[in-house]
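Here is the structure we will look at, set down as structure tokens.
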Amino acid sequence: MSRHRLRQVVEHSWYGRPLTLLRPLAGLFGAVVALRRVAYNRGWLRSQRLSAPVIVVGNIAAGGSGKTPFTLWLVKLLQDHGYRPAVLSRGYGAQAGLRPLRVAPDGDAAVCGDEPLLIAQRTGAPVYIDADRARAGRAAIADAQANVLVCDDGLQYYRLRRDIEIALVDGERRVGNGQLLPAGPLREPVSRLAEVDFVVLKGHGEAGETVMRFSDFRLRRLCDGVEFAPAAFAGRTIHAVAGIAAPSSFFTELRRLGMSVIEHPLPDHHPIGPRDLHFGDDLPVVMTEKDAVKCPAFADPRYHALSFTVDLDAAFAAQLLERLTHGQETARHPGMSPV
């Protein structure tokens, strides 16, 4: 069995029956996770407190849960209410180099990573990449005068104390089979969701749950930035390219918008080049915004990005801002339940 096929089998089991042979490894992984949390709670491992409040955005499951769209929404919310937010990112896929690195909006995704570049372009907020998120936070406070820090994909980054924890969950897949890695998709036990300040469901939810939905879809032609309604491609066959953790959701959305989709899934954070987009015909190519930031150097009129508006309940936004206002009064060590 090829490595790719093995990965498909394992990931398929995450949302069905767990593979029995992986259960012992999941038990070992769970023991390591529990020991690490105890070490931070008891001070055996050091966590750092910064002078600005920290909002952590993350998830407990591997795979796409909408963290980047939510982060874009959150940064704009903070900006609209007079805050000076900065985003801290590990910079997955970025080239090695001097850290912390402030992401230039006109930068190269190969240098800084696709998600940090997208966030910098869409929000105008300072974005810093560094595996040491506390060091990045200190740079953001000193150099950009940030007065609130958004730690992207940082739920398990316990070296940094946090004032607010927000967990994103895929509304359809939820927590899969409920097992820890590698038998299931979970980085931490399901019980971890009871400890965070807010749980946000992507796409679907039940009554009483906070749901993030997407609306006002637009297509943007990469070569000149012209935007138009997806209805222009309704009934047409297009190539759909998605180098994200859950590409099926992207393909489903394009079909819902009326397109006939030829699927081209790529690994998450794949460094897209011209060869990845050459399909031997003149059909339109539609990709995610995260993929599009890697294509400006070779974009042609066939290439398009799908953008959308993030919708969240106003009551949730109000609760989040209220929590931020009083957050430092109840700040906690990483891994501890909220006060």
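Structure notes:
- Failed item, numbered, when Gly91 is tested on (1) touching a residue at least 60 places away in the same chain (Cβ under 8 Å); (2) on the phi > 0 side of the Ramachandran plot: (1)
- Among the residues making up segment 243-266, those that are under 18 Å from His12 (Cβ atoms) and within 15 Å of the chain's Cα centre (by Cα) are Ile244, Ala245, Ala246, Pro247, Ser249.
- If the condition is being under 17 Å from His81 (Cα atoms), in a helix (DSSP H, G or I) and touching a Leu at 6+ places or on another chain (Cβ under 9 Å), then segment 291-321 contributes Ala317, Leu320, Leu321.
- Listed by first and then second residue, the pairs with beta-carbon distance under 7 Å, at least 6 apart or on different chains, first residue in segment 153-173 and touching a residue at least 12 places away in the same chain (Cβ under 8 Å), second of a type in the set (Phe, Trp, Tyr) and open to solvent by less than 10 Å² (accessible area, probe 1.4 Å), are Leu168/Phe70.
- From the options Ala136, Ala94, residue that is at pLDDT 95 or above and either β-branched (Val, Ile, Thr) or surrounded by 19 or more Cβ atoms within 10 Å (Cβ to Cβ) (or both): Ala136
- When the residues of segment 103-129 are filtered to those that are of a type in the set (Asp, Glu) and assigned to a helix (DSSP H, G or I), the one that is least open to solvent (accessible area, probe 1.4 Å) is Asp114.
- Only one of Arg221, Arg173 that is within 30 Å of Phe298 (Cβ to Cβ) and surrounded by fewer than 22 Cβ atoms within 10 Å (Cβ to Cβ): Arg221
- Considering only residues in segment 243-277 that are at pLDDT 95 or above and outside any helix (DSSP H, G or I), the one that is surrounded by the most Cβ atoms within 10 Å (Cβ to Cβ) turns out to be Met259.
The values are calculated or read from the model by the stated rules, or taken from the named source; none is laboratory data. Quick caveat: nothing in here was measured; it's all calculated off a predicted structure. So basically every Cβ, Gly included, is an ideal-geometry build from the backbone, and we count neighbours across all protein chains shown. With ligands, DNA and RNA removed, areas are computed over all heavy atoms of the protein, side chains included. Shrake-Rupley method; radii C 1.70, N 1.55, O 1.52, S 1.80 Å.
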